[in-house]
Amino acid sequence: MTIYHLSTECYPVAKVGGLADVVGALPKYQNKIEGIYAKVVMPWYNKPFVHEHDFDVVFDGFIHQGQNMLQVQVLKEKSKELGFELFLVRIPGLLDRDNPYGYQDESYQFLGFQHGILHWLSAMQIRPDVLHCHDYHTGLVPFMVENCAEFSFLKGVKTIGTIHNGEYQGMMSWEMVRYMPDFDGYKWGLLDWSGLINPLASMIKCCHAFTAVSGGYLDELFTSFHGLENLVRQEFSKSFGIINGIDTEVWNPETDPMLDFNFNKKNAVKTKKKNKESLCKEYNLNPDLPLFAFIGRFATEKGADLLPDVVWRSITESSGSLNIIILGSGNPQLENRLRELDNVYINFALDLGYKEHLSHKIYASADFLLMPSRVEPCGLNQMYAMRYGTIPVVRYIGGLRDTVQDISTGGAGLNFTNAGTDDVIHSMERATAIYGNKTLMKNLVLANMNFDFAWEKSAQIYIDLYKN
């Protein structure tokens, strides 16, 4: 069985969030299953990975988007060191940019990506068993495969859609239809939702099955989906909640090259302390105090807007008896507020930007990880933290609900109900009290490291779905 994963992100080629981690790992683990050949297709970006690896041009052609004729190149990475075949779609001026997102012509950009993929497959007579479409950026593929005459060779190919984050749906005006490949006009309803072209809605309507990245998140979509609640309820029979996994080869504290000191379950407590001392020295923090960490985008859905008040209140109300380190970026106003706090409090450290190596060091050093998310479809950060013996302090929502149970109910983490400063502060007070109990801390560190979030199980569930 041959599966093509279509995505705008894939670690380590280009990463903005968890989508990249999933697409960079799931195909690798699927390929470990006998008879499965999983590949990844994504846009070409001006990124170090692209310039540091060798590629073959396996296709060079042209597509028409409206009155525009665009060159489409497909490049195949030679080494296959990622554990799967990687194909990059390059369209000069459109898919040759520095970053995946943030451009005013994103709708046109993603239309070109999807059109280019299907044109290549059709022209080269490549017919996969499954096209696995990740998020709205590839959400029009199921419609195009079945309804665009240009891709008649692909008609009938099974399509699976995965919703990584339903907050983003890719809505565009109907003026953009002139840039799509020709299709029968009476099929317009498969694209439309509330008077706009909605790629995510179209994916749900047209794919053979769709998944959410956790069972908890799928449940939430039935009642809170930014206007698509009725649609997902109508199509519930082809919906599945499949929890993400993590790449335990990349995220392995015993072999992780990004750590100052590697460790396993036998020496976790002692060696985590050494990592913590190293990190605290770098950021002028006291290693004897409990260390709380936040890692992620400064987005409202992540609860990042709560961080300034959490930093201020937790440090002042505890009389400086804890440390906080934050790694992230994304909101200039929030960044400025955190900078001001960084200049005031010696118990607070801030590092702005996306730094993969530093995230690994923080997971290996922190005592607690804060995730005050308003929306968390799956969440990978809590799984990384648990793998490294760091106790997750999370809001009880979405995938966090599926992966982190409170110590009061036999779990090894801390849950809170509301995405508000009071709830976060209360959970931090509970965590600080736990920190003072060395035996309990040791047990929680080891309990978290014992959880198995490897991709093998979920990869097999996806294969079973493809075969169904």
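What the table shows:
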{"item": "Residue in segment 439-448 that is surrounded by fewer than 18 Cβ atoms within 10 Å (Cβ to Cβ), free of Cβ contacts under 8 Å to residues at least 40 places away in the same chain and under 26 Å from the mean Cα position of the chain (by Cα) present", "result": "yes"}
{"item": "Residue ID - surrounded by the most Cβ atoms within 10 Å (Cβ to Cβ), chosen from residues in segment 342-382 that are touching a Lys or Arg at 6+ places or on another chain (Cβ under 8 Å) and among the aromatic types (Phe, Trp, Tyr)", "result": "Tyr363"}
{"item": "Residue list for segment 219-254, filter: under 18 Å from Asn448 (Cα atoms) and of a type outside the set (A, V, I, L, M, F, W, C)", "result": "Asn244, Gly245, Asp247, Thr248, Glu249, Asn252, Pro253, Glu254"}
{"item": "Members of segment 22-60 found to be outside any loop (DSSP other than H, G, I, E, B), under 24 Å from the mean Cα position of the chain (by Cα) and within 19 Å of Ile117 (Cα to Cα), listed by number", "result": "Val23, Gly24, Pro27, Tyr37, Ala38, Lys39, Val40, Val41, Met42, Pro43, Tyr45, Val50"}
{"item": "Residues that are basic (Lys, Arg), within 24 Å of Val130 (Cβ to Cβ) and buried (at least 16 other Cβ atoms within 10 Å of the Cβ), drawn from segment 16-60", "result": "Lys28, Lys39"}
{"item": "Hits in segment 305-331 (condition: in a helix (DSSP H, G or I) and within 28 Å of Lys15 (Cβ to Cβ))", "result": "Asp305, Leu306, Leu307, Pro308, Val310, Val311"}
{"item": "Single unsatisfied condition, Trp188 versus (1) of a type outside the set (D, E, K, R); (2) surrounded by 15 or more Cβ atoms within 10 Å (Cβ to Cβ); (3) over 25 Å from Asp402 (Cβ atoms)", "result": "(2)"}
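To keep it simple, each residue is scored yes or no on (1) touching a Leu at 6+ places or on another chain (Cβ under 8 Å); (2) assigned by TED's automatic domain parsing to the domain that holds Thr159; (3) among the hydroxyl-bearing types (Ser, Thr, Tyr).
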position: Lys15; (1), (2), (3): no, yes, no
position: Ala20; (1), (2), (3): no, yes, no
position: Tyr29; (1), (2), (3): no, yes, yes
position: Ile33; (1), (2), (3): no, yes, no
position: Ile36; (1), (2), (3): no, yes, no
position: Pro43; (1), (2), (3): yes, yes, no
position: Lys47; (1), (2), (3): no, yes, no
position: Val58; (1), (2), (3): yes, yes, no
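The values are calculated or read from the model by the stated rules, or taken from the named source; none is laboratory data. These numbers come from a predicted model, not from an experiment. A quick note on method: Cβ atoms are made from the backbone with ideal geometry, for glycine too, and the neighbour counts reach across all protein chains shown.
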